[in-house]
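These notes are about the structure you will find just below.
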Amino acid sequence: MVFNQNSRQIFSVISLKASTIATLMVLASSGSLPVYAKQPVAAADVPSSSQIASSSPETEYTLGAGDRIRVDIFQVPEFSGEFLVLVDGTISFPLVGNLKVEGLTMPQLGALLAQNYTEYLKRPVVTVGLLAPRPLKVAISGEVTSPGSYTVPLDEKGKFPSVTDLIQQAGGITATADVSQVQIRRFLQGKQQVLTLNMIELLQEGNQSQNITLRDGDTIIIPTKEQIDHNEIRQLADANFGIQADRELNVAVVGEVYRPGSYKITPERTNNVANNRTRLELPRLSRAIQQAGGVKPLANIRNIQVRRFTRMGTQQTIDVDLWALLQSGDIDKDIILQDGDTIIIPTAQALDPKESESLAAASFSPATIRVNVVGESQNNQELL
C-alpha cells in the first residue's frame, strides 16, 4: 500500500478522532481532567502562594501522605495504575522514578507527570484521580470546650468535614467565643494562608460560604469576645455547633446569698408545647442563685458581677442588672453561665421598701425566710 501526503493527513485526522473519543471515555469514568503534555514549562505555570491566597476559601485538594490515587496515561497501560503517597510525600512512578507530590493538586500532578513522560512518550495524555483521601489531621484552639488536635476521617461518601463539624467534635464553643472572627490557618505550597469566617452570617443568613470544608493540617482558632452579647449567646445556644447544654457546670456563688459556696448546676429539661419535644436549657444566673439559697434582703441585684476565665487565661468581669429582669422581663439579663464562673452578689447600701417587696417575690429569692425570736417572749421559737 502506498501512502502519500494526503493519506498521512487522513490517517492523522482518524487517529485524532479516535484519541479524542477515548479521552472522553476516560473523563466520563474517572471524573478527572486529562493533562496534555506541552513544551517544557517554566515554574510560573504553578500558581504562587499570593495567587492562592486571593482565591476562594474552598481551595483545591492537595496531596499528602496516605492519599491513594489513580494515574492513567492514555494508551500506555503499563505506566498507569494506583499509587499511594508515601510518608515522605513522594510516589515512585514507572520509568520516571520518585517524584515529590506532597502539596500538589490533581491538575498540577498531571502536568508534572506529562512533562516527565515527554522524554519517553510523544504528547502523553495523563489523567489523575483521587481514589481514597487520607484522614485529616486538624487542630482547634481558643474558645471551645475541648481544644486540641483531632484526626477526622471522611464520611462514607468521601465528603470532607466542615468547620462546624470540627467545632461539634471539640464539644462546641464557650459562652465567650467570638464566632464572627473565626480564623482558619492553612499551608499551601509551604506558605501560610489565613482565612477569616463569620459564623454569625451562617446562623442568621444561612451563608454556607462561612462554613468551608477543612484540609489536612488546618488550624481553627476561635477568639475571645471582648464584649459579651447576650442576644448572640442565646442564638449560639440553639446552634448545633454552639454552647453544649448537656454538661454539668461548676460555679461559685458568694456574697448576699443564704448558702454561699461552690455548686454543680445541671441543665434543665423543658417541654416545647408547640412540637411536643423536650430540650435541655443551659443553666442561667438565676438558677445558680436559687441553688445558693436565694438572695438576702440586702442583696444589691443591680450590680451583680460574674467573673469568668477565658481559654487565653484572662479574666472577664460581666456586670449584670437583675433588677432590669424584674422590671422589664429582659431575659438577656439572666445570663447563660459557663463552667468555672464566680458569681458575686454585693450588699446594697440602702434599699427601698417597695423594691424589697418585688425582690421577695422574685424566683431567685428564697421561698421561705427563717426568723429566730429571742428575748422576752412566752415561746422562744423559730418562725418560717
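The values are calculated or read from the model by the stated rules, or taken from the named source; none is laboratory data. Just so it is clear, the model here is predicted, and its values are computed rather than measured. Backbone-built Cβ (ideal geometry, glycine too); neighbour counts: all protein chains shown.
Being touching a residue at least 60 places away in the same chain (Cβ under 8 Å) and more than 16 Å from the chain's Cα centre (by Cα): is that true of V144 here? Reasoning before the result, please.
On the way: touching a residue at least 60 places away in the same chain (Cβ under 8 Å): yes; more than 16 Å from the chain's Cα centre (by Cα): no.
When the stated conditions are applied, V144 does not pass them.
For the subset of region 157-186 comprising residues that are touching a Ser or Thr at 6+ places or on another chain (Cβ under 9 Å) and of a type in the set (A, V, I, L, M, F, W, C), which member is nearest to T62 (Cα to Cα)?
F160
Filter region 289-315 down to the residues that are within 29 Å of the chain's Cα centre (by Cα) and crowded, with 17+ Cβ neighbours inside 10 Å and list them by number. Spell out the reasoning first.
Looking only at region 289-315, we keep the residues that are within 29 Å of the chain's Cα centre (by Cα), and these are 306-315.
Once the filter is applied, which keeps residues that are within 29 Å of the chain's Cα centre (by Cα) and crowded, with 17+ Cβ neighbours inside 10 Å, region 289-315 yields V306, R308, T310, R311.
List the residue pairs whose Cβ atoms are under 6 Å apart, where the first residue sits in region 87-99 and is loosely packed, with under 15 Cβ neighbours inside 10 Å, the second is among the hydroxyl-bearing types (S, T, Y), and the two are 6 or more positions apart or on different chains.
Short answer, once both residue conditions are applied: L95/Y120; N98/T90; N98/S92.
At least 1 residues that are under 34 Å from the mean Cα position of the chain (by Cα), at pLDDT 50 or above and farther than 22 Å from K137 by Cβ in each: list the strands (runs of 3 or more DSSP E) lying fully within region 1-116 that qualify. Break it down stepwise before answering.
Working: elements: 34-36, 68-73, 81-84, 90-93, 97-100.
Here the list reads 68-73, 81-84.
Output the residue which, of all residues in region 162-188 that are more than 8 Å from the chain's Cα centre (by Cα) and charged (D, E, K, R), is nearest to Q235 (Cα to Cα).
Among them, the one singled out is D178.
Exactly one of (1) in contact (Cβ under 8 Å) with a residue 40 or more places away in the chain; (2) surrounded by fewer than 14 Cβ atoms within 10 Å (Cβ to Cβ) is unmet by E119. Its number?
(1)
Please go through region 100-111 and pick out each residue that is surrounded by 14 or more Cβ atoms within 10 Å (Cβ to Cβ) and not β-branched (V, I, T).
Taking region 100-111 and keeping what is surrounded by 14 or more Cβ atoms within 10 Å (Cβ to Cβ), we get 101-111.
Matches in region 100-111: E102, G103, L104, M106, P107, Q108, L109, G110, A111.
If you check G110, G81, G97, which single one turns out to be within 30 Å of V163 (Cβ to Cβ) and not assigned by TED's automatic domain parsing to the domain that holds L214?
On the way: G81 fails: within 30 Å of V163 (Cβ to Cβ); G97 fails: within 30 Å of V163 (Cβ to Cβ).
Going through G110, G81, G97 in turn, the sole match is G110.
Please name all residue pairs, on different chains or six or more residues apart, with Cβ atoms under 6 Å, provided the first residue is in region 168-180 and is of a type in the set (S, T, Y) and the second residue is outside any loop (DSSP other than H, G, I, E, B).
What qualifies is T176/T224; S180/I200.
Of the conditions (1) touching an Asp or Glu at 6+ places or on another chain (Cβ under 8 Å); (2) farther than 30 Å from T105 by Cα, V257 clears all except one; give me its number.
(1)
Restricting to region 202-225, give me the number of residues that are more than 14 Å from the chain's Cα centre (by Cα) and free of Cβ contacts under 8 Å to residues at least 40 places away in the same chain.
So the answer is 4.
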